């Protein structure tokens, strides 16, 4: 079976067999391939991740693609509405003043962001080192 981005449809099916609360995936049987392809495109095009392009795709990248595909199935209609509002210059709305923050203009599943954290270009790494100052040098 040919890969759709980083994963095959068969691998995605296996993933969703053991994922809790994935009935939306099962209900979208006729559009699963499209959801996987769109998920891959969105994760590549959002500009936040520097994923490797090797034939050996890490499992976290496959999981991220599955989670993004499920996110699309569940929320794409709402995301399209929000992106339409953003295109009109709206940055917050509603009684609770919901703010719209979308990575690179593309809404990304929080699970996908977590799975791809190792390739997150926006992640800032800090570390501590013990250093001694030599005033005599």
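The values are calculated or read from the model by the stated rules, or taken from the named source; none is laboratory data. All values derive from a computational prediction rather than experimental measurement. Neighbour counts are summed over all protein chains in view; Cβ atoms, including those assigned to glycine, are modelled from backbone coordinates with ideal geometry.
List of remarks:
- Leading residue by the ranking (modelled with the highest pLDDT) among those in region 1-12 that are surrounded by 15 or more Cβ atoms within 10 Å (Cβ to Cβ) and under 17 Å from residue 30 (Cβ atoms): 12
- Complete set of residues in region 6-49 that are under 17 Å from residue 109 (Cα atoms), touching a residue at least 24 places away in the same chain (Cβ under 8 Å) and in a loop (DSSP other than H, G, I, E, B): 6, 19, 22, 46, 47, 48
- Any hit, region 34-44, residues being loosely packed, with under 13 Cβ neighbours inside 10 Å and either touching a helix residue (DSSP H, G or I) at 6+ places or on another chain (Cβ under 7 Å) or at positive phi (or both): no
- Restricting region 63-79 to residues that are over 15 Å from residue 36 (Cβ atoms) and surrounded by 11 or more Cβ atoms within 10 Å (Cβ to Cβ) leaves a set whose member that is modelled with the lowest pLDDT is 79.
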